[in-house]
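The values are calculated or read from the model by the stated rules, or taken from the named source; none is laboratory data. Because the structure is predicted, anything quoted here is derived from the model rather than measured. Don't worry about glycine lacking a Cβ; one is built from the backbone with ideal geometry, like all the others, and counts go over all protein chains shown. These area figures cover heavy atoms from the full protein model, side chains too; ligands, DNA and RNA do not enter into them. Shrake-Rupley method; radii C 1.70, N 1.55, O 1.52, S 1.80 Å.
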Amino acid sequence: MADRSLEGMALPLEVRARLAELELELSEGDITQKGYEKKRSKLIGAYLPQPPRVDQALPQERRAPVTPSSASRYHRRRSSGSRDERYRSDVHTEAVQAALAKHKERKMAVPMPSKRRSLVVQTSMDAYTPPDTSSGSEDEGSVQGDSQGTPTSSQGSINMEHWISQAIHGSTTSTTSSSSTQSGGSGAAHRLADVMAQTHIENHSAPPDVTTYTSEHSIQVERPQGSTGSRTAPKYGNAELMETGDGVPVSSRVSAKIQQLVNTLKRPKRPPLREFFVDDFEELLEVQQPDPNQPKPEGAQMLAMRGEQLGVVTNWPPSLEAALQRWGTISPKAPCLTTMDTNGKPLYILTYGKLWTRSMKVAYSILHKLGTKQEPMVRPGDRVALVFPNNDPAAFMAAFYGCLLAEVVPVPIEVPLTRKDAGSQQIGFLLGSCGVTVALTSDACHKGLPKSPTGEIPQFKGWPKLLWFVTESKHLSKPPRDWFPHIKDANNDTAYIEYKTCKDGSVLGVTVTRTALLTHCQALTQACGYTEAETIVNVLDFKKDVGLWHGILTSVMNMMHVISIPYSLMKVNPLSWIQKVCQYKAKVACVKSRDMHWALVAHRDQRDINLSSLRMLIVADGANPWSISSCDAFLNVFQSKGLRQEVICPCASSPEALTVAIRRPTDDSNQPPGRGVLSMHGLTYGVIRVDSEEKLSVLTVQDVGLVMPGAIMCSVKPDGVPQLCRTDEIGELCVCAVATGTSYYGLSGMTKNTFEVFPMTSSGAPISEYPFIRTGLLGFVGPGGLVFVVGKMDGLMVVSGRRHNADDIVATALAVEPMKFVYRGRIAVFSVTVLHDERIVIVAEQRPDSTEEDSFQWMSRVLQAIDSIHQVGVYCLALVPANTLPKTPLGGIHLSETKQLFLEGSLHPCNVLMCPHTCVTNLPKPRQKQPEIGPASVMVGNLVSGKRIAQASGRDLGQIEDNDQARKPAQPDPTAQPDPHARALFQFLFLSEVLQWRAQTTPDHILYTLLNCRGAIANSLTCVQLHKRAEKIAVMLMERGHLQDGDHVALVYPPGIDLIAAFYGCLYAGCVPITVRPPHPQNIATTLPTVKMIVEVSRSACLMTTQLICKLLRSREAAAAVDVRTWPLILDTDDLPKKRPAQICKPCNPDTLAYLDFSVSTTGMLAGVKMSHAATSAFCRSIKLQCELYPSREVAICLDPYCGLGFVLWCLCSVYSGHQSILIPPSELETNPALWLLAVSQYKVRDTFCSYSVMELCTKGLGSQTESLKARGLDLSRVRTCVVVAEERPRIALTQSFSKLFKDLGLHPRAVSTSFGCRVNLAICLQGTSGPDPTTVYVDMRALRHDRVRLVERGSPHSLPLMESGKILPGVRIIIANPETKGPLGDSHLGEIWVHSAHNASGYFTIYGDESLQSDHFNSRLSFGDTQTIWARTGYLGFLRRTELTDANGERHDALYVVGALDEAMELRGMRYHPIDIETSVIRAHKSVTECAVFTWTNLLVVVVELDGSEQEALDLVPLVTNVVLEEHYLIVGVVVVVDIGVIPINSRGEKQRMHLRDGFLADQLDPIYVAYNM
């Protein structure tokens, strides 16, 4: 905003948007200063009198310390429907709001992505089942873990003004994005004036501009006056403050959005300059240097912490089975486990007696009832799977103890619900590697498993073949009296295997020995002070982790009574566990912070709650720092209900180390628990800095108690050598104890890295002879031996050297209000590696009722919040439809599966915001243009270094001319008949004379045969027929057209014989013909204007055509497209006069004009070139010699006959050389793709010419038909040369796949080659019959960007294959010159190809001659060296390379490699990029991308992709396209446009018209499916 006084005002968004529009109108001159001020004061008048106040985004009330009386606030929150408020901390929420408040003041315009309507229209509401909002992830392996925060906290009392001032002064970085003031195409965008007044079409008369496109659209970017430039803030990315998109008027809403984006990225946030390693052309990525100001650990080296002695109590059992036997026989009636139904009623009470007898039955059945007596299926020591649902702990318990008694190893896993469960495949791998063949399950579970039609349980994906065995009593046989399980003392055999999901989704099995199992139970008993017959309420999953250790194992050792609350009951009644604690006067409860939070939300409905019986509330996820607010809030509310502060006991655990630490229940209520308020900034460097709670970015952590009895703990550096941390350093906690896991089953290497770690002191000495185990927890040991955990190794993301924890990022995202657009419990954060660094990705589920704008605003606020609080950029933020993220068995998000879907492009998001400009700070340094070295120095430098100057030439025309036919023995083709008139041929300077001579000497020799779509001959012409027809046309031109010598005539014919006759008729009449492609009858509106334009620009006095096209040109449809009254005279050649001309015109001078060649270049420029009679004859002679054409030859031509080499081959060469041309119109291939190849086979043709479009049509259309074509007798073995006529870099992938495909039909791979021509010379190279095969080289793409050529091996990184563009034609000389200095270049440089030859065109044909361009393109001289020769500049970049091969004349062969058009090359970051290279990468990125085109606009790279798939896949492409271009080209994509198939325009030669596409995009004419603006 220009006016500083507005900064403090809380103006509504629409008022701010209107102000921005007013300013724009003022700057455009659409409104006077007076009018502006009047309107402005009217707009803001209503808001002026009020004093400035806190921004509205912040809650107005001041937070008071929460007392039970203020509990009604919870109820308010609950009504919003988001029950699962994990990671909630009010201090954090306020910090986030304060950080966002700063951003509010400087409103930033982030362009909103645009979507096609069909994508936006959501299906009806009933189709959505809202996802399980209550589900926190229970899967420890998922990054979020499972910590549920709470809506408030005792720390919320800091007053509001204080926060704001802190937020404003103490902030860390400027932001990366914000909500957009201009959505879609709102007001301001439409009013933007049209800078691009002249598009290419209106500018058609100008010759092609080979230097730059944007001459007429050079855009000045100005900064608005009072912009926020004065505010400085530490920066870390390379995107900067964003303002509204003022400054640049551009047409259409697309341009407005792009301009917004340009402004957003205008002042790049570069990190401070680093040391770069810039090799000669090795652009190394920027190496992240440590920040000199970063906090470093300063404490002394830590000492290992020893837990208390594990005191052995005399009556402790020698093994867990012995304990079960003891209680089962002494106290068989004592309750062991009570299970609940979904109404909270006790469903079943399992006594110790029942558990003992049942476990015996299970043990007996496993050992004796599976398999045969001789071959039992399960022997002691084997592994079996335990598959039990979460609501059946009794069956699980009996099966688990049955396995222990039978000495088999239980592997408890989740119930597979479908064949394709997320992660279930990995569980299958675990079972397979453990050699599991039997799965124990319950009756209900067995019935619920998916079944095949025959009633069998199918084999799940990736699972071994299993025998399912039901362990219900009725299915088991009673063991005989004499059978008794063998109960031993605990030993080092494996007791059970607990599965663990890793960060990458793989599942490992942690083995726990019987000794470890028993010792762990003893340590827990001692730490928790368990006594016999205590009651414990367990809400946790009893199959693993804390739930298993307390609720199944330690409870049996101490004969405790467990009340098990299933997850399904918690969903119905979140208070059920508290009710059970009251009902059973339970002493202990095992919960997660989520369960505490749910109880808070629901507790209002309960009156008689009394928690005074609890002596210990174990918080299983106490190690998650975000659980602290749940604990605090729970205590605040339930303190009045008898809950004591010292009862809350957070613990830390991991699958490898079992229980790591637990807070002991104390009787001393005066000793408050340990708290640490740590600076998040410090944490990212792994350093502990205690922070006052005033700062915005802090992490409050609670202690998880002391080290376990009998264990030693230390923390080591997370990566590299396990060196002890300092006291103020964060490290991975390591434990040395008996009570831990011992290995990952079957993985000795990983086991060594995790279970056999020897921590070292700084001097390198190990601190203990016993190995330690890595717990996977990050933390430190604080004062008094208290253990603090700040995160998990699995959730760690290292972004440019700083460590961030996924949980912390989730917490910040969830603190962004309003939260009503996404589901709280359904958010995933992970990192992907792009360009050698980790990048943060956030995926959340969007609610079905939120609008595009809402979601987008929330997304941009999340980006700002994370930027402010963590000083890290988010690479990608994606929202997916409700219920679509893969879930873990307990309802959390399956992280690794989500990441996998994201990377393979099958996540199908409905909203994506990418911020590569902000995040990617390690791009190579932009290339600084060195002061140009003079051309003389370059030449001397090349000579000194022994490199030759890059020049080459074809055979010399002069010496071959006379004795061409005389040198018969050298002629390699025995079938060719000598041409008796060859000598005579060279006497003629003009093609018209050659035709007359052929009509006299060989009148009946067939020159042309035209085929129809069925392959039959539609028409043919002999020499005399052509001559006579041409004469009649000449008469018509003179008599009906009254044309003078030298008048221009437009020939508008379909590909065929008429065109040829009309051309020679013009020559006979002395007129200058111009061939024009006729309009397409189905598409007159777009094709006719081009015809009209060529007719006008070429100044044609007359237009010749067929009767049919004649009618078309005057039709109603034509009148709608062009002004039909301004056509010149139209002559219809279907009705010719019968007489001959009095005389046939003979040109007086060979340099006069023979014909004009008009063509639209790939840059969308129409350019006509002048071909003189001398050039035309020289051209034909050159081709005749290169391809050895004689009257006895037949050549098949499948090309468009309107310009370039295609026209010359179709119309001119046969008359000059006398060979027969078999003409196949390419349009006929659309109905019969095999037409061309069948004709080549049928006529036994040795030489054929086609275009890339034809080759592509054959490759795609005939790919599956090679067998049937073979059966039809198609044989390509006679083909000697198959040349693709092109004006571009050879498409090596297409030519290779064509060769491979038709190899079986006899096509020799060496036969396929390409030619190269351009506007100034229609054919420079053409693979002839003699001479070496075309060679392919591999060049380093990175060197090429610096205009250098470095050859590399095939398959090396960044290698690009380039194929030689055919042999240089006779009479052609080539040199490679620097396009700027015009000096000659050496072999190793990329430069512009300059050509000197007798068949160069003589200039552009334009209405107003632009002399400077004419002379530059057609009459250039080198600035140094040979300054006499006149060269023509092709406008193409390439290089020459002398090969080891020899030419027909015995010389070393020089190969020309074309790299790309100078016009199309994009100058980005100081380097030269060729669109085709980026496009190739993008097409490989995803299977649904069929075609791609790239262009730049105001320094932004725009990538347009055609999507072959459902529109739901459109947004999947955005991250993949961005990734691949970053990885392979070191470029950041600015805009990704997803369009339908066929939107990218392609010209007749099959080349992409990128500039037309660009104009269409900027004028908003593409109807894209999705447009993403990367920040």
Matching residues in segment 584-608 - criterion: being modelled with pLDDT of 85 or more, open to solvent by 10 Å² or more (accessible area, probe 1.4 Å) and either β-branched (Val, Ile, Thr) or at positive phi (or both): Lys585
Answer from Thr1496, Thr1522, Thr1480 - the residue that is buried (at least 22 other Cβ atoms within 10 Å of the Cβ) and either free of Cβ contacts under 8 Å to residues at least 40 places away in the same chain or part of a helix (DSSP H, G or I) (or both): Thr1522
Those residues of segment 329-354 which are closer than 18 Å to Ser473 by Cα and either open to solvent by 80 Å² or more (accessible area, probe 1.4 Å) or assigned to a loop (DSSP other than H, G, I, E, B) (or both), in sequence order: Pro332, Leu347, Ile349, Lys354
Lone qualifier among Pro1290, Pro1357, Pro1361 - being more than 29 Å from Pro1201 (Cα to Cα) and in contact (Cβ under 8 Å) with a residue 40 or more places away in the chain: Pro1361
Residue match in segment 1294-1308 (condition: under 31 Å from the mean Cα position of the chain (by Cα) and in contact (Cβ under 8 Å) with a residue 60 or more places away in the chain): yes
Lone qualifier among Thr511, Thr519 - being more than 30 Å from Leu895 (Cβ to Cβ), of a type in the set (S, T, N, Q) and buried (at least 18 other Cβ atoms within 10 Å of the Cβ): Thr519
Sole residue being part of a helix (DSSP H, G or I) and loosely packed, with under 14 Cβ neighbours inside 10 Å, chosen from Lys447, Lys478, Lys488: Lys447
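For every residue, the table says whether it meets (1) modelled with pLDDT under 90; (2) open to solvent by 20 Å² or more (accessible area, probe 1.4 Å); (3) of a type in the set (Phe, Trp, Tyr).
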| site | (1), (2), (3) |
| --- | --- |
| Ile869 | yes, no, no |
| Leu885 | no, no, no |
| Pro889 | yes, yes, no |
| Gly892 | yes, no, no |
| His908 | no, yes, no |
Failed condition for Ile1074, given (1) among the β-branched types (Val, Ile, Thr); (2) open to solvent by 10 Å² or more (accessible area, probe 1.4 Å); (3) in a strand (DSSP E or B): (2)
Filter pass, Tyr1064 being surrounded by 24 or more Cβ atoms within 10 Å (Cβ to Cβ), within 15 Å of Pro1201 (Cβ to Cβ) and out of contact with any Cys (no Cβ under 6 Å at 6 or more places or on another chain): yes
Residue tally, condition open to solvent by 10 Å² or more (accessible area, probe 1.4 Å) and of a type in the set (Asp, Glu), over segment 1146-1168: 1
Any pair with Cβ under 8 angstrom, 6 or more apart, that starts in segment 455-471 at a residue that is free of Cβ contacts under 8 Å to residues at least 60 places away in the same chain and under 11 Å from Ala439 (Cα atoms) and ends at one that is open to solvent by 50 Å² or more (accessible area, probe 1.4 Å) and in a loop (DSSP other than H, G, I, E, B): Pro464/Thr437; Lys465/Thr437; Lys465/Gln459
Segment 1012-1032 residues that are part of a strand (DSSP E or B), paired with ones that are at pLDDT below 90 (beta carbon under 9 Å, 6 or more apart): none
Subset of segment 736-756 [aliphatic (A, V, I, L, M) and closer than 22 Å to Leu310 by Cβ]: Ala737, Val738, Ala739
Residue within segment 511-522 that is among the basic types (Lys, Arg) and assigned to a loop (DSSP other than H, G, I, E, B) present: no
Enumeration of residues in segment 1525-1558 that are part of a loop (DSSP other than H, G, I, E, B) and either closer than 29 Å to Phe1158 by Cβ or not hydrophobic (A, V, I, L, M, F, W, C) (or both): Tyr1530, Asp1540, Gly1542, Val1543, Ile1544, Pro1545, Asn1547, Ser1548, Arg1549, Gly1550, Glu1551, Gln1553
Segment 1420-1449, subset modelled with pLDDT of 90 or more and aromatic (Phe, Trp, Tyr), residue most open to solvent (accessible area, probe 1.4 Å): Tyr1436
Answer residue from segment 1042-1053, given it is over 20 Å from Ser992 (Cα atoms) and in a loop (DSSP other than H, G, I, E, B) and is least open to solvent (accessible area, probe 1.4 Å) among those: Tyr1053
Verdict on Arg1472 being modelled with pLDDT under 95, open to solvent by less than 20 Å² (accessible area, probe 1.4 Å) and at negative phi: no
Residue among Phe542, Phe429, Phe460, Phe469 that is in a helix (DSSP H, G or I) and under 28 Å from Asn391 (Cβ atoms): Phe429
Failed item in (1) in a helix (DSSP H, G or I); (2) without any contact (Cβ under 8 Å) to a residue 60 or more places away in the chain, with Pro1233 passing the rest: (1)
The listed residue being open to solvent by 20 Å² or more (accessible area, probe 1.4 Å), under 22 Å from Gly1331 (Cα atoms) and hydroxyl-bearing (Ser, Thr, Tyr), out of Ser1277, Ser1297: Ser1277
Candidate set from segment 1264-1274 (those that are of a type in the set (S, T, N, Q) and free of Cβ contacts under 8 Å to residues at least 12 places away in the same chain); member that is surrounded by the most Cβ atoms within 10 Å (Cβ to Cβ): Ser1268
Yes/no for Val415 being touching a residue at least 12 places away in the same chain (Cβ under 8 Å), surrounded by fewer than 24 Cβ atoms within 10 Å (Cβ to Cβ) and closer than 17 Å to Pro450 by Cα: yes
Residue among Leu1322, Leu1351 that is crowded, with 19+ Cβ neighbours inside 10 Å and not acidic (Asp, Glu): Leu1322
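Residue-wise test of (1) part of a loop (DSSP other than H, G, I, E, B); (2) touching a helix residue (DSSP H, G or I) at 6+ places or on another chain (Cβ under 6 Å).
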site	(1), (2)
Ser768	yes, no
Val790	no, yes
Asp808	no, no
Ala811	no, yes
Arg826	no, no
Failed criterion for Glu498 (all others in (1) open to solvent by 10 Å² or more (accessible area, probe 1.4 Å); (2) touching a Lys or Arg at 6+ places or on another chain (Cβ under 6 Å) hold): (1)
Among the residues listed as Ser860, Ser831, Ser868, Ser896, the single one being among the hydroxyl-bearing types (Ser, Thr, Tyr) and assigned to a strand (DSSP E or B): Ser831
Residue identified as in contact with a Pro (Cβ under 8 Å, 6 or more places away or on another chain) and either among the β-branched types (Val, Ile, Thr) or in contact (Cβ under 8 Å) with a residue 12 or more places away in the chain (or both) among Pro771, Pro759: Pro759
